[in-house]
Amino acid sequence: MTLSLSARNVVKRYEGVIALSDGNLEVNSGEVVALIGANGSGKSTMSKVINGVVVLDGGQLLLDNKPVHFASPQAAKKEGISTVFQELSLIPQMSVADNIWLTREPLDRFGRVRRKEVMARTEALIALFEGTIKPDLKPETPVSELPPDEKQIVEILKAVSFDPRLLILDEATASLDSRQVQRLFELVKKWKEEGKAIVFVSHRMEEIFRIADRYSVLRNGKTVGAGNINEITEKDLIKLMIDKESVFSYTRSESEKAEKPVCLEVNDVHADTLKGVSFYVNEGELVGIGGLRGQGQRDLLLALFGDIPFSGSIQYRGKPVHFRHPNQAMKNGFALVPGDRNREGLLYIRSILENFQLPSWARYSFPLKLGKARKDAERAGADLNLKMAGLQQPVSSLSGGNAQKVVIGKWLLRQPSLLLLDDPTKGVDVGTKAEFYALLTRLCEEGKTILFYSSDDEELIGLCDRVMVLHDGKIYAELAGSTLTHENLVAASLGVTEGGAR
Amino acid sequence: MKRIKISPPVAALFLAIVLFLLSGLLPNSYGSDVKIAISQATNIVRLAVFLGVIAAGQTLVIISGFEGIDLSAGSVVTLTAIVTYVYVNGADEKVFVALLLSLAVGAVIGLLNGAGITFLKISPFVMTLGMSGVVTGIVIILNHGNVSGKVAPIMTRLIARPISPDIPIPGAIVIWVIFGILMWLLLERTSFGKYLFAIGVNRVTAKLSGVNVTGMNLATYALAGALAGFGGFLVVGNTGVVLISLGQPFLFPSIAAVAVGGTLLSGGKGSYWGSMAGAILLTLMTSLLTTMQMPESVRRMVLGATLLVLISIYGRQRALRQ
Amino acid sequence: MKRFTWNKLTSRYPALFALTLLVLSVLINVILQPNMFARDTLNSNMRVFLPMVILAAGQAIVILGGGIDISVGGIVSIINTILATRVGLEGSAETMWQYVAISLLIGILAGAINGFFVAYLRLQPIITTYATSFLFAGVALFILPNPGGGIPTSISEFYRSSIPLGLPLAFYVIAIILLVWGFLRSTRYGNFLFAVGGKAQAAYETAVPVTTIQFSTYVISGLMAAISGIAITMLSGSGNAESGSAMTLNSITAVVIGGTALSGGVGGVAGPMLGAITLGFIQNIISFAHIDTWWETFAKASIIVAALAIPGVINLFRRRRP
């Protein structure tokens, strides 16, 4: 059962973006190695390299001291490497048992699946988490009927059913409550004793210190530190994660603390993953939203913009508003830069011009004054320092940063008064980031109000007057002024509250 | 397969020209007589007008994406042809109203299609196929006993004959050119057109940019129905008679014409010029098969195979491995 | 609370919905045709419904796998025309069975063609099988340009009156299909089928052979279409190149009312087969309700659209729940 896996100097590129430039990881039987890093550090890529989902572009992978190359995830599985993912690989319409044993069902001599055996084995697996799950989790329950935590448990059971030598838990505790996490850790200890090797990819500091034996920290695609967990403190780990030598350092000059009127008032809003948030924003403020991804930030912005239904009340400039469609929000001067620019912000195969003007065509009357539209778009592009070959080019020809400029530009053309941004600098190069910060600051000085979510803590600290950290769909902490420090932000995001109320 | 660099409408037109030139080698053809060649070519284009107009609505729904298609177009053509035929009954002054009626009837059917697709989430293929049966049922109801009616002389005059003795261009072609320009205006110079391409590419982005996706869907199918209605009006003006199967032969070719013209079957990209070129090419192919005395069955096989080849070239979906 | 349980029930046991509809339509049928349960009438009904039941079973499998097969009607037509021309009214029983075997192979071949384009070239199922439907219809027309030909009367007699062990032949065929499906469902193939139809990407990542499974569903559909073609030829005793054309939409409708979602991965084969029988009874109802002949087509088509609308309407009500 013994195993030793080494990843050395791993390099991985995705379409021009370098995810890993020097990734290293070592894990042996009987130990838990925590793979740590901030959003975008290359953590996820590293675990994908180890389990064969992606192919490395450089460096070496050694299994039991022999160089190895995984042609597919199945090849890695054959070597005994099993992964529990963040994004679920389950088939919603099928039952728990069918999902777990898919392609490995025990058969009788006619080729029929031995249902009794499948049920029994599945029940044995489910029993591992007994006491922490609702009795509705049965082998025959369709996965689509399960709540997120139980779906995650099924994912874990599926990975464990392979009886792997190396188990990778990639943010596997994200949807679990504290009792389930406790049970998982008890199981992990048992598996360690059985000689399994475990890689634990996580953000949650408290959990890392509870379960890991060793750690390995990634920052900007490089491994910057590794060692025994009991030889380092939380503070030092956080310091390793933080990019002290960032290429830029941007801080907003302290603006006059003049009393500005309340612009946006949000009261007890519930929607999808949003479990009741209340806050207010003043005119001309740059308010940040922080926290781990998926804690309700996206739903908050979509609800404000009228894209998803919600309950609760919202007041804009004193008037109650309840937008049922983005064009209603747009009429009130709202704008939303969505989180996934290719899937939500751009028309990938259409021209740059069309992307710029999509929200605004109605202004150019009939027949469309394309000349004027081009001029306006050119001006907007120039304001943003957009590097393009021409407005007629498809927007797919632009680099990430420039494409993001188009997404922002299409809203700026409309002179919005309230800007909502969902992680606008994700996947954007450093130089463009700096331009964005200058832009956002300038917009605020012009009197616009900005509310934006970022997974990059430095941005939040450098730009925002205030930051609200969301956790589990609620506002966990509000940081401003002297309390708005990197340590506090990271701690607030990582310091998971004990036991979410169910 | 590498993406083809020539724009598809141009490629289609080029192919049509080549095919036409080659057909000159056939017996019973124009041989080396240029005058006859031109007259034959003009006739082909004139025939293509009807397919072209019917393909217009098809172009719109296909551009709108989400597997958009309008299989009710053929039966709508038949229905509006009958409505026109009966209503006009030979009277010139009734023609304009008949035209409006055709557009209205088509629009209503299109709207029903759109409603089923948008609100009941029925896939466009299934919805329009089902609707086509209903419309055919209506045609039969209207047609029982014999329909009496007549096309007005002005229609034949405008559609079937040349516009003036000096200019030997059939009126139908002139109508088509004007129609083509209007379609171009619609697609490239109106907000509607821009929104149409947008929802064809990415409905999420469109909605998040303020486009009323539901409204666009309904409007597109309604418009497609109206255009099919216009097609029916023209067809009956050309043939002067009505049959229960008047519109059906246009249906499959209308889809093939759109595909030939380079409009992506997945939506979001395309043009009406392409469909026009496609209509000409397909009409030419059909006409050649007739000249070679090939039966209807061969025509169908050729059309089916052509569409298969086209989608194999243009329509590959993303592979599972990424 | 009650509605919630109903929803859960129907999603876990989709055939339940079909069963309810069937019971309803049988009840109405009995009112209009009181001797419905007499042995002869039942026999007669069953053998008329059989071709559609078989076709619905094949279509169900394709749809479960996440695809759709629009060309089934065309395959039925090809088989019918081959049998009618090759065997002929004067043919011998051996020739008949020879060509039955050949028909099955042709069905498999046609399915393989569809499967190649959809599974291996990864083209969109709807437009691909629409293209092949035209191609196949052309082939059928080529084989038999005008209705005619037929099969030996002895064989059609066999089909009509054969009652082994007192039950109509149709029951045995249906029973065999259900048994075979029951077996398939209990194997890994069954799980793979639902996985591919449910979420192909997740299935692929779990090493399910997605392409092979998809290909196989089209081959099965082709085979079932061939069997259906044999049945319909035995039923009518004659040949007609259009015999299958209306059956495609009916097969899709049968699947829809059978509780198998068109999106794939949910449902079964029993439901669609029940759905086909229900559709048959509904069409009986229309025939017996003494509607004007002229209105029949319209009525039948409207029923189909209504049936297709049912899942959408149910969903609308589901969404209204807070």
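Within the range A:319-372, being more than 21 Å from residue A:452 (Cβ to Cβ) and part of a loop (DSSP other than H, G, I, E, B) holds for A:322, A:324, A:325, A:347, A:348, A:349, A:350, A:365, A:366, A:367, A:368, A:369. The condition (being within 14 Å of chain B (Cβ to nearest Cβ) and either in contact (Cβ under 8 Å) with a residue 12 or more places away in the chain or among the β-branched types (Val, Ile, Thr) (or both)) is satisfied by just one residue among C:259, C:268, C:244, C:280: C:244.
Answer yes or no: is there a residue in the range C:211-229 that is on the phi < 0 side of the Ramachandran plot and either within 11 Å of chain A (Cβ to nearest Cβ) or not in a helix (DSSP H, G or I) (or both). So far as the range C:211-229 goes, no, none of its residues is on the phi < 0 side of the Ramachandran plot and either within 11 Å of chain A (Cβ to nearest Cβ) or not in a helix (DSSP H, G or I) (or both). Of the residues making up the range C:283-303, those that are touching a residue at least 12 places away in the same chain (Cβ under 8 Å) and of a type outside the set (Gly, Ala, Ser) are C:283, C:284, C:285, C:286, C:288, C:300, C:303. Filtering A:49, A:53 for residues that are within 22 Å of the chain's Cα centre (by Cα), within 10 Å of chain C (Cβ to nearest Cβ), under 30 Å from residue A:8 (Cα atoms) and not in a strand (DSSP E or B) leaves a single hit, A:53. Taken together, the residues in the range A:295-318 that are over 16 Å from residue A:271 (Cα atoms) and assigned to a strand (DSSP E or B) amount to 2.
Considering B:45, B:105, which residue is crowded, with 17+ Cβ neighbours inside 10 Å, in a helix (DSSP H, G or I) and modelled with pLDDT of 95 or more? Matching residue, one of B:45, B:105: B:105.
This table checks each residue for (1) buried (at least 22 other Cβ atoms within 10 Å of the Cβ); (2) more than 14 Å from every other protein chain (Cβ to nearest Cβ).
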site	(1), (2)
A:83	yes, no
A:124	no, yes
A:138	no, no
A:142	no, no
A:147	no, yes
A:150	yes, yes
A:175	no, yes
A:186	no, yes
A:189	no, yes
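I need the full set of residues from the range A:328-350 which are at the interface with another protein chain (Cβ under 8 Å from one of its Cβ atoms) and either crowded, with 20+ Cβ neighbours inside 10 Å or in contact (Cβ under 8 Å) with a residue 12 or more places away in the chain (or both), in order please. Hits for the range A:328-350 are A:330, A:336, A:338, A:344, A:345, A:346, A:347, A:348, A:349, A:350. Within the range A:351-383, the only residue that satisfies the criterion of being surrounded by fewer than 19 Cβ atoms within 10 Å (Cβ to Cβ) and within 30 Å of residue A:297 (Cβ to Cβ) is A:383.
Among the residues examined, residue A:314 does not qualify as crowded, with 22+ Cβ neighbours inside 10 Å, more than 22 Å from the chain's Cα centre (by Cα) and either more than 11 Å from chain B (Cβ to nearest Cβ) or over 17 Å from residue A:450 (Cβ atoms) (or both). Report yes if some residue within the range C:104-111 is within 11 Å of chain B (Cβ to nearest Cβ) and touching a residue at least 12 places away in the same chain (Cβ under 8 Å); otherwise report no. Checking the range C:104-111: not a single residue is within 11 Å of chain B (Cβ to nearest Cβ) and touching a residue at least 12 places away in the same chain (Cβ under 8 Å).
Scan the range B:204-229 for residues that are within 11 Å of chain A (Cβ to nearest Cβ) and buried (at least 20 other Cβ atoms within 10 Å of the Cβ) and jot them down.
Going through the range B:204-229, the residues within 11 Å of chain A (Cβ to nearest Cβ) turn out to be B:204-215.
Within the range B:204-229, B:205, B:206, B:207, B:208, B:209, B:210, B:211 meet the criteria.
Among the residues of the range A:83-97, none qualifies, meaning not one is touching a strand residue (DSSP E or B) at 6+ places or on another chain (Cβ under 9 Å), free of Cβ contacts under 8 Å to residues at least 40 places away in the same chain, in a helix (DSSP H, G or I) and under 30 Å from residue A:149 (Cβ atoms).
One residue stands out in the range A:81-132 among those that are closer than 25 Å to residue A:179 by Cβ and polar (S, T, N, Q): the one that is modelled with the lowest pLDDT, namely A:86. Taking residue B:139 as meeting all but one of (1) of a type in the set (A, V, I, L, M, F, W, C); (2) at the interface with chain C (Cβ under 9 Å from one of its Cβ atoms); (3) closer than 30 Å to residue A:343 by Cα, write down the number of the exception. Every condition holds for residue B:139 apart from (3). Selection of the range A:217-240 for residues being outside any strand (DSSP E or B), of a type outside the set (D, E, K, R) and either without any contact (Cβ under 8 Å) to a residue 24 or more places away in the chain or more than 17 Å from residue A:44 (Cα to Cα) (or both) yields A:229, A:230, A:232, A:233, A:237, A:238, A:240. The single condition among (1) of a type outside the set (D, E, K, R); (2) at the interface with chain C (Cβ under 10 Å from one of its Cβ atoms); (3) assigned to a helix (DSSP H, G or I) that residue B:128 does not satisfy is (2).
Filter the range C:140-158 down to the residues that are more than 14 Å from every other protein chain (Cβ to nearest Cβ) and buried (at least 20 other Cβ atoms within 10 Å of the Cβ), then identify the one that is farthest from residue C:244 (Cα to Cα).
Let us first name the residues in the range C:140-158 that are more than 14 Å from every other protein chain (Cβ to nearest Cβ), namely C:148-158.
Imposing the further condition that a residue be buried (at least 20 other Cβ atoms within 10 Å of the Cβ) reduces the set to C:149-151, C:155.
Details: C:149: 16, C:150: 15, C:151: 17, C:155: 20 Å.
This residue is C:155.
Yes or no, residue by residue, for (1) buried (at least 23 other Cβ atoms within 10 Å of the Cβ); (2) in contact with a strand residue (DSSP E or B) (Cβ under 8 Å, 6 or more places away or on another chain); (3) at pLDDT below 90; (4) farther than 23 Å from residue C:248 by Cβ:
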residue	(1), (2), (3), (4)
B:100	no, no, no, yes
B:113	yes, no, no, no
B:127	yes, no, no, no
B:142	no, no, yes, yes
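Has the range B:72-83 got any residue that is part of a loop (DSSP other than H, G, I, E, B), within 12 Å of another protein chain (Cβ to nearest Cβ) and either over 30 Å from residue B:284 (Cα atoms) or without any contact (Cβ under 8 Å) to a residue 12 or more places away in the chain (or both)? Within the range B:72-83, not a single residue is part of a loop (DSSP other than H, G, I, E, B), within 12 Å of another protein chain (Cβ to nearest Cβ) and either over 30 Å from residue B:284 (Cα atoms) or without any contact (Cβ under 8 Å) to a residue 12 or more places away in the chain (or both). Checking each residue in the range A:61-75 for being surrounded by 14 or more Cβ atoms within 10 Å (Cβ to Cβ) and more than 14 Å from chain C (Cβ to nearest Cβ) picks out A:61, A:62, A:63, A:68. Count of the range B:154-203 residues, restricted to those that are within 14 Å of chain A (Cβ to nearest Cβ) and in a helix (DSSP H, G or I), is 21. If you go through the range B:230-250 and pick out every residue that is surrounded by 24 or more Cβ atoms within 10 Å (Cβ to Cβ) and either within 14 Å of chain C (Cβ to nearest Cβ) or touching a strand residue (DSSP E or B) at 6+ places or on another chain (Cβ under 6 Å) (or both), you end up with 1.
Taking the range A:171-199 as the range and being over 22 Å from the mean Cα position of the chain (by Cα) and charged (D, E, K, R) as the test, the residues that pass are A:179, A:183, A:186, A:189, A:190, A:192, A:193, A:194, A:196. Name the single residue, out of those in the range A:104-117 being in a helix (DSSP H, G or I) and more than 10 Å from every other protein chain (Cβ to nearest Cβ), that is farthest from residue C:180 (Cα to Cα). Per the stated criteria, the residue is A:117.
The values are calculated or read from the model by the stated rules, or taken from the named source; none is laboratory data. Everything numeric in this text was worked out from a predicted model, so none of it was measured. Counting neighbours? That spans all protein chains shown, and the Cβs are built from the backbone with ideal geometry, glycine included.
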